[in-house]
Amino acid sequence: MNRKKLQKLTETLVKNCKHFNKFEVNRLIKLFYSLVGDVVERPGMVIGLDRNAFRNILHVRFGMTDDMIMDRVFRGFDKDNDGYVNVSEWINGLSLFLRGSLEEKMKYCFEVFDLNGDGFISKEEMFHMLKNSLLKQPSEEDSDEGIKDLVEITLKKMDQDHDGKLSFADYEQAVREETLLLEAFGPCLPDPKSQMEFEAQVFKDPNEFNDI
Amino acid sequence: MGVALTRSAQWTAAGYGTGKLEITPLNEAILKEIIVFVESFVYKHPQEAKFVFVEPLEWKTNLEPSAFEPGYVVSETIVKSEEVDKNGQPLLFLSVPQIKIRSFGQLSHFLNIAKDAKLKETQACIEANRDPVVKILGSDYGTVKEDSTVLTILDKITKDEDPDREIKVKIAVLLKQLDLHLLNHSLKHISLEINLNPVAFKKDIEMLKRFSGKGEQTVLESIEYTSDYEFSNGCRAPPWRQIHGEICYVMVKPHDAETLCITCSAEGVFLNGGKADDERDISYERQSEVYKDLVTFLKEKSAKFSENMSKQEISFSEGKKMEKYQLEEAPKREQAPTFHKSISGSGKNPLVKNQINFGKNQMTNRLKPSLNWRATVDFKHRKSLLKDSQEEKHGVKLEKSRPSVSTGRGQLLRKYADRIEEIVSESCSSESEECEESPDLRQEANADLPSEYWQIQKLVKYLKGGNQTATVIALCSIRDFNLAQETCQLAIRDVGGLEVLINLLDTDEVKCKIGSLKILKEISHNPQIRRNIVDLGGLPIMVNILDSPYKSLKCLAAETIANVAKFRRARRAVRQHGGITKLVALLDCAQNSTKPAQSSLYETRDVEVARCGALALWSCSKSNANKEAIRKAGGIPLLARLLKTSHENMLIPVVGTLQECASEENYRAAIKAERIIENLVKNLNSENEQLQQHCAMAIYQCAEDEETRDLVRLHGGLKPLANLLNNTDNKERLAAVTGAIWKCSISKENVTKFREYKAIETLVGLLTDQPEEVLVNVVGALGECCQDHENRVLVRKCGGIQPLVNLLVGINQALLVNVTKAVGACAVEPESMTIIDRLDGVRLLWSLLKNPHPDVKASAAWALCPCIENAKDAGEMVRSFVGGLELVVNLLKSDNKEVLASVCAAITNIAKDQENLAVITDHGVVPLLSKLANTNNDKLRRHLAEAISRCCMWGRNRVAFGEHKAVAPLVHYLRSTDTNVHRATAQALYHLSEDVDNCITIHENGAVKLLLDMIGSSDEDLQEAAAGCISNIRRLALAAEKARYT
C-alpha cells in the first residue's frame, strides 16, 4: 500500500476513533496489513482477518484460550457480520480492547456473553459458558451439579430484579458494585499483562512490528 | 532460692553445671523476681548488703568496662570496685569477660549498670552458679535438701562460730523468704498453664464416647465416668483428691482387655487401683506409668484401640464422602498445647518421643480444613450403634449433651483467647522484646454451626477447584458475606480458605489477586486470622505484590499489611522481607501523577496508593526497628510532603506514623528539620477528631525539645491546643491535647500564651472526673505553669489546690510525680501553702516518701521543701509527723541521686528549726551526709553542701562532720564548674571552719587559693562565705603563731 493511501486511511479512521491518536492508528493499520498479508485489492473482495486468523491473534497476542469466548469476541469485532474483521473494525475493536471506558467494556462484554443476542444472559447461557470452569474431580458424582450451583451463585450475586436471568441493567449494576465481575463468564478482554506487552510492541517499536 | 531454682526453673538438657535456662515465661518471671530482690536489697538491708560472700559469684558478662560508673577503677579490660573487703580485695572484679562479685551491694550496683541487659546477666549468673546460696554463705547453708527450713538453718548457725554470723542468719532467712516467694510465684504460673485441663479431658472423653460401642469398628466398647457429678471447676474427682491434681476417673472397656479404671489428673493419665464392686470409692493408688493423655494411654493398653484409631485417621484423608455428615461431628480440636507444656515443664514424662510426634501431628492437623477425627462407620451404622448403646444404658445422651457442652467450651476458649490477646497487646504497647507468640487458639466449631459456614465452605471448594472465571465468581460471592463478623472470618479459615486465598496471591491472575486481597483485607481485622496469615507465610507474598505495576493491587496489599502488622512478629516479618522500603516507596507515588490512568479496572489514584502505604507504615511503626528502617528508607521527607496535603484520610495515617516514630530521638530531630511541626499545628485546626488527636500526640512527643516548643508557639499552635481543652468528650484526644500542653508549657513564653488563652482555668477544671491518662498530663501542665507567680495565684483562685491535694492519695506513679511537683510549685505561695496545710497536704506528701518508686520519693521530697519553707510553725508541723524525721534521714541511704539530692534539700529546710535539727542529729544525719560527700553529681553536691552547712548549727555536728571525713571532699567541690555548688560549698566550709581541726583539713586540701578566687566572684553570698572561711583559717593561723611566740 502506498504512503498516500495509508495517510488518507489513517486520517479517516482517526476521526471515528475515540481512544487512539494518529500515530497509534497508523501503527495499527500497518499491523493489520502485515497480518492480512499481501492480498491484491480487488473490488468486491473484502480485505480482512477471517475467523481463524483472528482467533489465532487473540490466542497468541492476548492469551485467550476459550474457543467459545473467542468466537464471541470475533463476532464482537465483526460488526457488519460478514465473516471478516476489516481495517475499520480492527481499529474500533482494539480501541475498546485497549482503551475502552468501563461503560464501553460493559456493553461489549454483555454482548459477548449474551450468546443468542436476546438482550438477556439466561441460565442456560451461563451454564454453557461456565461448564468448563470447574476442574472435574473423579470422586465428584456429578460435575454438572457444581456448575449449576455456580450458576445459581452468580445469579444470586448479579440478578438484581430476581427474574432468573441477567438483563443489561442487572449486569451493569453488579459490575459497578464490583468491577471484577466485568468478565464474569470468561475472559473476553486482554489480560493486563498481554495488553501492556502488545502496546509496548506495537506503539513503541515502530521499526520492528513486521516480524511479530 | 535453691529449691525454687532446682525445682521450678526449667533447665534445658539436664546436665548439671552446664545447664542453660530455657527461655520460658516461667523462668523469666523467676529471674525478674530475683532481680527485684537484689536491686532492692541495698536499701532494704543496707547492713547485709555489705556482707562479703564466702565465694564470689562468677560468670561471663557481656557488659563493657566502659559502662561502669564512678566508684570503680576502670581500665581497658579490667574493672575493680573501690569498695573492698577487709583484706583489700575489691568486691567486684571484672576481667573481660569474667566477672566476680562478692556482695549484694555490688550485685545490685551491677544490675543498675547493666540496665537493659539485667535479665540476661542474671540468667548468666544463675546458670554459672547453680547453687548461689552455698557460694554466698558457705556450704553449710546449702538449701538443696528438701527439709531445710528456717529452723535447720538456725540450727546450723548457732553451732557456727563465724564472727559475722548474725548477718549470715539474716541473709539466710532473707534468701529463704525469696525462695518461698519464687516458689509461690512459679506455682501461680504453672497453675495458669494447666487450668484448662478438665475441659481437655472432658473433650477427649466426649469424643471417645462417640466412637465407642459394640461392633468391630468402634475404638472402645465403652467409656464412662465413675461419677456423674461435675464440680463447678469441671472436675469430677472428690475435693480431697482434687488437691492432688486429680480431675476425674473413667472406666474404660476396650475390645481386647479387661475394664480399666483410669485416673485423669493434671499430671497426666494413669491406671489406678480400680473399683471393687462392693465399695463406693475407688482405690486411688497409681498402678501404671503416667501418660500424657487418654488417647496415648489407651493406645498403649489396647492394640485394638490403636488399630481402629489409626483407621479413622487414614479414612479421614480419603473420606470425601463423609462431608455431608460433618454437621454431626464437632471437629476435635487438640487441646494439648497447654497440657504438654505442663508435662514437659515438670520433666516427668517418660514419653518424650511420643510427645514430639504428637506435636508434629498437631502442627500438620492444625491447618487442615476440618476434622482429623472422622469415623469410617457411615452415618446410619453409627446411628444404630448409638441406639444400641443407649438401649444398653450406657447413658450416652449424645444429642442432648453435646451441644451444651461444646458451646460452653467454646465460650471458655473464646474468653481465654481474649485474655491472651489482651496480654499480648498490652505487652506490645510497652515494646518489650518478648511480646511474641500467643498460642494459636481456635474457636470451637460446634454442632450448631451457622448456615454461613456451609455456604462459605462450598464457595471455598469452588475457589480451589475452579478456573479463573469460577474463582472470581466465588471470591465475589464470599465478599457478600458479612466479613466483619467473626463467625464468617473463622469459617473461611476453618474450611481451609486462608491457604487458598494466600495461594491465589502467588498466581499471575490479577483479578484473583484483587479478589483475594479484598477478602483478606476484611478478615484480617480479626487477631486470630492475622496470626494465621503470618503462619501461612502470607506476608512475604503481599510484600512482593507491593512491587506490582497495578496500583489497586498495591493498595490492597498495603491495606492488608496494615491490618496484619498489628503484632510484633508480623511487623518483624514485613521488615525482614524488605517491606518497609517498598512501603516507603509507595509514599512517593503521589508526586509523579502525570501519567494518565489507563485501565479503569486496575488503576487507582496515586494519592490512594500513598494513603495505603502510610496506613501500612503506621501499623509497622509500632516496632522500634521498623521506625529505624522507615527513616533509613527515606520515609521522613516523604511523610513530610504528604503532610502538606489536605485529605484527612491521608493525614491520619501520616500523622499517626509520625507520632509513633517521634518516640525516637532521630525522628524528633528530623521532624524539626523537615519543618513538620508547622503542618502538625495546621492540622490541629482540622475538623477531624482523630487527626487532632494524633497531631497533639506528635507534638507531645516532640515538645521535649525546646526549639520545637518555640516552633509550636511561632506557628500559632498554642491557641488551638487551648481551644481543644474545652471539648472533653473524647478522652483519648483530651489526653493527647493535655500532653501537648504539658510539654509545651515547659517554656515560659508558652505559659504566658496559655494564660492569655485562659487555658489554666480550664486545666484546673479538668482536675476532677478525668481518666488517669488525662490527669497525669493536666497536673503535669499545671506543675509547669505554677512555676510562675501569676499562675499560682490563678490556680489558687480557681480552687485548684483542693483537687491537687486530693490527687496525692493516688497510686499511679506518673501521676504522683506530677502531682507532687504541682503541689510543690503551689506551696511557694504562702497563701496557697495555708490551704495545703489545712488540707493536710504536707502529711500526704510526707507519706509519699515511703512510696517504692524513687521518682515519686524524689518528687515528694522536692515538694516538701517549699512547704516547710512557707508553712507557719513549720517546725511544729514537721515534728507532728510521727516517725517522719527518721524516715527522711533514712532516705539518705538510697542510691538514687535524685532522691538523695531532694532529701538533702528537704533536710536543709527541716534543719532551719533547731529542735528538729536536734532530732535528726540524733537519728544520725551527720554520718549519713558525710558518707555521701564523695559524689561528683553537681546537683547532689549543691544540696548536700547546703544540708551540711545547716546541720553545722547544732551541738558538735561540725566536729562530727570532720570526724566522718566529710570536709576534704567538700573542698574538692570548689573545683566544680557550677557556681551554685560553689556558693553552697563555700557556706558549708565557712561553717565547718569554725572548728579548729576542720580548719586544718580545709587548709591542707588547698582550699585557700580556690576560696581567694571566689572572693572575686560577683555572687555576694559566695563572696561573703568564702571570705568568712578564709578569715577563720587566718585567725587560726594567727592564734597558732601567737601561741608559739608566747
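Annotations
- Every residue from segment A:188-205 that is surrounded by fewer than 21 Cβ atoms within 10 Å (Cβ to Cβ) and either assigned to a loop (DSSP other than H, G, I, E, B) or at the interface with chain B (Cβ under 10 Å from one of its Cβ atoms) (or both): A:D191, A:P192, A:K193, A:Q195, A:M196, A:E199, A:D205
- Here A:K157 meets each of (1) buried (at least 21 other Cβ atoms within 10 Å of the Cβ); (2) within 12 Å of chain B (Cβ to nearest Cβ) with one exception, condition (1).
- Residue satisfying condition, being among the β-branched types (V, I, T), out of contact with any Leu (no Cβ under 9 Å at 6 or more places or on another chain) and in a helix (DSSP H, G or I), within set B:T762, B:T752: B:T752
- Matching residues in segment B:519-560 - criterion: being part of a helix (DSSP H, G or I), over 19 Å from B:L583 (Cβ atoms) and in contact with a helix residue (DSSP H, G or I) (Cβ under 6 Å, 6 or more places away or on another chain): B:I519, B:I523, B:P527, B:I529, B:N532
Residues checked against (1) modelled with pLDDT of 90 or more; (2) in contact with a Cys (Cβ under 8 Å, 6 or more places away or on another chain):
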{"position": "B:R575", "(1), (2)": "yes, yes"}
{"position": "B:L587", "(1), (2)": "no, no"}
{"position": "B:W618", "(1), (2)": "yes, no"}
{"position": "B:Y667", "(1), (2)": "no, yes"}
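- In segment B:520-541, of all residues being crowded, with 24+ Cβ neighbours inside 10 Å and among the aliphatic types (A, V, I, L, M), the one that is nearest to the other protein chains (Cβ to nearest Cβ) corresponds to B:L520.
- Taken over segment B:1013-1025, the criterion of being part of a loop (DSSP other than H, G, I, E, B) and surrounded by 15 or more Cβ atoms within 10 Å (Cβ to Cβ) is satisfied by B:S1017, B:D1019.
- Residues that are within 16 Å of B:D506 (Cα to Cα), away from every other protein chain (no Cβ under 14 Å) and not aliphatic (A, V, I, L, M) within segment B:548-585 comprise B:T560, B:H577, listed in sequence order.
- Exclusive hit being over 24 Å from the mean Cα position of the chain (by Cα), facing chain B (nearest Cβ under 9 Å) and either at pLDDT below 90 or part of a helix (DSSP H, G or I) (or both), set A:E140, A:E145: A:E140
- B:A484 fulfils the conditions (1) within 11 Å of chain A (Cβ to nearest Cβ); (2) more than 20 Å from B:N544 (Cβ to Cβ) except for a single criterion, (1).
- Residue match in segment A:99-115 (condition: in contact with an Asp or Glu (Cβ under 8 Å, 6 or more places away or on another chain) and within 10 Å of another protein chain (Cβ to nearest Cβ)): no
- When B:S902, B:S880, B:S859 are checked against the criterion of being among the small types (G, A, S) and modelled with pLDDT under 90, B:S880 stands alone in meeting it.
- For segment A:91-132, taking the residues that are without any contact (Cβ under 8 Å) to a residue 24 or more places away in the chain and not in a helix (DSSP H, G or I), the one that is surrounded by the most Cβ atoms within 10 Å (Cβ to Cβ) is identified as A:D114.
- Taking the criterion of being outside any loop (DSSP other than H, G, I, E, B), within 19 Å of B:R210 (Cα to Cα) and either more than 46 Å from the chain's Cα centre (by Cα) or not aliphatic (A, V, I, L, M) (or both), the residues of segment B:240-260 that qualify are B:C248, B:Y249, B:M251, B:V252, B:K253, B:L260.
- Test: B:T507 is within 14 Å of another protein chain (Cβ to nearest Cβ), of a type in the set (S, T, Y) and in contact with a Lys or Arg (Cβ under 8 Å, 6 or more places away or on another chain): yes
Here's the yes/no breakdown for (1) within 14 Å of chain A (Cβ to nearest Cβ); (2) among the basic types (K, R); (3) closer than 20 Å to B:T560 by Cα:
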| site | (1), (2), (3) |
| --- | --- |
| B:L615 | no, no, yes |
| B:K627 | no, yes, yes |
| B:I630 | no, no, yes |
| B:A673 | no, no, no |
| B:E687 | no, no, no |
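- Some residue of segment B:537-558 being among the polar types (S, T, N, Q), modelled with pLDDT of 90 or more and within 16 Å of B:I519 (Cα to Cα): no
- Selection status of B:V38, more than 27 Å from B:S186 (Cα to Cα) and aliphatic (A, V, I, L, M): no
- Of all the listed residues (B:L808, B:L767), the sole one being outside any helix (DSSP H, G or I), within 29 Å of the chain's Cα centre (by Cα), touching a residue at least 24 places away in the same chain (Cβ under 8 Å) and under 26 Å from B:P830 (Cβ atoms) is B:L767.
- Qualifying residues in segment A:168-181 (those that are at the interface with chain B (Cβ under 7 Å from one of its Cβ atoms) and in contact (Cβ under 8 Å) with a residue 24 or more places away in the chain) - the one nearest to B:T471 (Cα to Cα): A:L181
- Any hit, segment B:847-854, residues being touching an Asp or Glu at 6+ places or on another chain (Cβ under 8 Å), modelled with pLDDT of 90 or more and within 20 Å of B:A781 (Cα to Cα): no
The values are calculated or read from the model by the stated rules, or taken from the named source; none is laboratory data. Please read all numbers here as calculations on a predicted model, not as lab measurements. Backbone-built Cβ (ideal geometry, glycine too); neighbour counts: all protein chains shown.
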